[in-house]
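**Student:** First the structure, which I've put down as structure tokens, then a few questions once you've had a look.
The values are calculated or read from the model by the stated rules, or taken from the named source; none is laboratory data. What you are looking at is a predicted structure, and each value in this text was computed from that prediction instead of being measured.
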Amino acid sequence: MKPSSERRLERTKINDETRYFTLEQASAVVVAIRPLVSEMLNLRQSILAKQPEVWPVVAKAAGNGGSKIASEIAQEFHRLDAIVREIMATGVILKDINTGLFDFLSLLDGREVYLCWRYGEEQIYFWHEIDAGFTGRQHI
């Protein structure tokens, strides 16, 4: 495990500026991204549902132009990528695309923690230490 100063440096390099959320700010972002997360999860499910049918097609189509299903999945992947980028532009950290799990970097008593929200939760109810992850969630 890297020291927190190194993790902070990596985060800064990615974002150029570390953004900390208050509970109120993170809650406002949740309201804004909830429809995007719903669409993201629906697209993910659609792609997974087509997976058994499309992989043989993709393998065959690599050299001969593709198929309708491969084209649909490519469009879904493109939309999924756009949604993830839009969500990430808010400063939230996508932790698990399978469940719609997100962290918001915050400060608690002068130390970095994450406010934690998972799609389906009405609001942000939990926080956890940077190194604790989902299993270390504590009620706010």
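**Student:** From the residues in the stretch 84-138 that are assigned to a loop (DSSP other than H, G, I, E, B) and of a type in the set (S, T, N, Q), which one is nearest to Leu43 (Cα to Cα)? Working first, answer last.
**Tutor:** Filtering the stretch 84-138 down to residues assigned to a loop (DSSP other than H, G, I, E, B) leaves 89-92, 97-100, 109-110, 119-125, 130-133, 137.
Those left that are additionally of a type in the set (S, T, N, Q): 90, 98-99, 123.
Values: Thr90: 20, Asn98: 11, Thr99: 13, Gln123: 23 Å.
This residue is Asn98.
**Student:** Okay, moving on. Just checking, which of Gly65, Gly110, Gly120 is at positive phi and at pLDDT 95 or above?
**Tutor:** On the way: Gly65 fails: at pLDDT 95 or above; Gly110 fails: at pLDDT 95 or above.
When all the criteria are applied, what remains is Gly120.
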